[in-house]
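*Asks:* Below is one structure. I have some questions about it.
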Amino acid sequence: MEQLKMVWTNDNIPAKAPVCPEGVGIVSLPDMENGVEHWLDIMQYGLSAKREDYAYYEKVMLEHPGYKESDCFFITVNGDPAASVAVICDGEKPGEGYIHMVACKEAYRGRGLSHVMNDLCLYELKRRHQSTAYLTTDDWRIPAIKGYLKMGFVPDLSTEDFRSRWDRIFEIIQSGKTVANRPE
């Protein structure tokens, strides 16, 4: 099934640097010792079916238009890489950013790290003068979708399939549920 798309438009309010709670930090991939290995460790918690190897990183990151290793960030907890997100700017279209490969280790979920990641994404998009941005996501990622909505991303309703899937997602959100059925 095709992933859903969400889009963001810059409100031109100046960027604010993310604020990290005590013990939480932000480190770019080039500044993280064994960064790709840590990234691969994190990706197995929701974005890959298993612990992948370097070829996976090459395929989904290095081959992505406009990606630079400095676009990839880790959220650390007491120095441990807990989550990762990439903010690619001016990749396929000048002025358009892309939020890519957002994941968090299971042991660190529910600790508010998504707020730090979301703030970091908005900061990077604005700091790097992106007019718009997009991301793709899966229907069952309800907590992530709620965070993206709070960031100002809106659903792409360009097809009937997307509209019906978004209707179902909003029903789930309004019901107060935090999960949807993940396809096997």
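*Asks:* Would you mind ranking 85, 77, 154 by Cβ crowding within 10 Å, fewest neighbours first?
*Replies:* Taking fewest neighbouring Cβ atoms as first place, the list is 154, 77, 85.
*Asks:* Distance in nm between label sites at residue 158 and residue 123, each 7 Å beyond Cα in the beta-carbon direction?
*Replies:* So the label points at residue 158 and residue 123 sit 3.1 nm apart.
*Asks:* Taking the Cα centre of the chain as origin, work out the dipole magnitude from +1 charges on Lys and Arg Cβ and -1 charges on Asp and Glu Cβ, in debye rounded to 20.
*Replies:* 620 debye
*Asks:* Pairs of alpha-carbon atoms within less than 8 angstrom and 6+ residues apart define the contacts here; what relative contact order does the chain have, in percent?
*Replies:* Reported relative contact order: 28 percent.
*Asks:* Give me 68, 105 ranked fewest to most by other Cβ atoms within 10 Å of their Cβ, as a rough exposure proxy.
*Replies:* Lowest to highest Cβ neighbour count: 68, 105.
*Asks:* With n ≥ 4 as the cut-off for DSSP H runs, can you work out [θ] at 222 nm for the chain, using -39500 (n - 2.57) per run divided by the number of residues, rounded to the nearest 500?
*Replies:* After summing the helix terms and dividing by residue count, I get -9000 deg cm²/dmol.
*Asks:* Which helices, counted as full DSSP H runs in the chain, have an axial Cα extent of no less than 20 Å and a Kyte-Doolittle average of -1.0 or above?
*Replies:* Membrane-span-like by this criterion, though nothing is claimed about a membrane: 113-127, 160-175.
*Asks:* Which distance in Å, rounded to a whole number, links the C-alpha centroids of region 109-184 and region 1-52?
*Replies:* Each part's Cα centre sits 14 Å from the other's.
Read the figures in this text as sums done on the coordinates, not as results from a lab. What you see is a predicted model, and the numbers here were worked out from it, not measured in a lab. When we count neighbours, we look across all protein chains shown, and the Cβ atoms used for this are built from the backbone with ideal geometry, even at glycine.
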